[in-house]
1. Where the second residue is basic (K, R) and the first is within 13 Å of W103 (Cα to Cα) and lies in region 1-29, which pairs have Cβ atoms under 7 Å and are six or more apart or on separate chains?
2. Could you list, in sequence order, the residues of region 87-101 that are open to solvent by 30 Å² or more (accessible area, probe 1.4 Å) and among the hydrophobic types (A, V, I, L, M, F, W, C)?
3. For region 38-63: of the residues being open to solvent by 40 Å² or more (accessible area, probe 1.4 Å) and hydroxyl-bearing (S, T, Y), which is farthest from Q105 (Cα to Cα)?
4. Considering region 31-49 alone, what residues qualify as being assigned to a strand (DSSP E or B), free of Cβ contacts under 8 Å to residues at least 24 places away in the same chain and of a type in the set (A, V, I, L, M, F, W, C)?
5. Is region 90-111 home to any residue that is part of a loop (DSSP other than H, G, I, E, B), touching a Ser or Thr at 6+ places or on another chain (Cβ under 8 Å), touching a residue at least 40 places away in the same chain (Cβ under 8 Å) and of a type in the set (A, V, I, L, M)?
6. Select from region 94-107 the residues that are hydroxyl-bearing (S, T, Y) and under 12 Å from L4 (Cβ atoms) and list them in ascending order.
Amino acid sequence: QVQLTESGGGSVQPGGSLRLACAASGFDFRFAHMRWYRQAPGKEREFVALITTTSVRNYADSVKGRFTIFRDNAGNTVYLQMNSLKPEDTAVYYCNRATPELWGQGTLVTVSS
């Protein structure tokens, strides 16, 4: 079955860290550009990070220097390491395969004291 499954969300205090994982199945992960998006309450879904098949990375300005995207092709998994978390990072985080488009179900990250 072609799917993406996110994990690793949770609640953390400001300044804390979380690592999200997105496990891919049903397709050849090595040939997929992968992205993370997020959607905060009452807001539109927004781009967070991209990693290409050759591990070229791109980030939204709001997370540069704090978040790192990386991939494990042997394990068919893409990760998002999130450091120095802020309350405004609170959102549901979604994994995405760029082409053809495929979305995971999302994982909730809450940053609050």
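The values are calculated or read from the model by the stated rules, or taken from the named source; none is laboratory data. All figures in this text were calculated on a predicted structure; none of them were measured in a lab. So basically every Cβ, Gly included, is an ideal-geometry build from the backbone, and we count neighbours across all protein chains shown. SASA here: full protein model, heavy atoms, side chains in, ligands and nucleic acids out. Shrake-Rupley method; radii C 1.70, N 1.55, O 1.52, S 1.80 Å.
1. The qualifying pairs are L4/R97.
2. Our first condition is that a residue be open to solvent by 30 Å² or more (accessible area, probe 1.4 Å); within region 87-101, this holds for 87-88, 90, 92, 94, 99-101.
Scanning region 87-101 gives a single hit, V92.
3. Filtering first and then ranking leaves T54.
4. Going through region 31-49, the residues assigned to a strand (DSSP E or B) turn out to be 34-39, 46-49.
Now drop any that are not free of Cβ contacts under 8 Å to residues at least 24 places away in the same chain, which leaves 46-47.
Once the filter is applied, which keeps residues that are assigned to a strand (DSSP E or B), free of Cβ contacts under 8 Å to residues at least 24 places away in the same chain and of a type in the set (A, V, I, L, M, F, W, C), region 31-49 yields only F47.
5. Pass one, region 90-111, residues part of a loop (DSSP other than H, G, I, E, B): 90, 98-101, 104-106.
Restricting the remaining residues to those that are touching a Ser or Thr at 6+ places or on another chain (Cβ under 8 Å) gives 90, 104-105.
From what is left, the residues that are touching a residue at least 40 places away in the same chain (Cβ under 8 Å) are 90, 104-105.
Filter once more, keeping what is of a type in the set (A, V, I, L, M): none.
No, region 90-111 contains no residue that is part of a loop (DSSP other than H, G, I, E, B), touching a Ser or Thr at 6+ places or on another chain (Cβ under 8 Å), touching a residue at least 40 places away in the same chain (Cβ under 8 Å) and of a type in the set (A, V, I, L, M).
6. Of region 94-107, the ones hydroxyl-bearing (S, T, Y) are 94, 99, 107.
Matches in region 94-107: Y94, T107.
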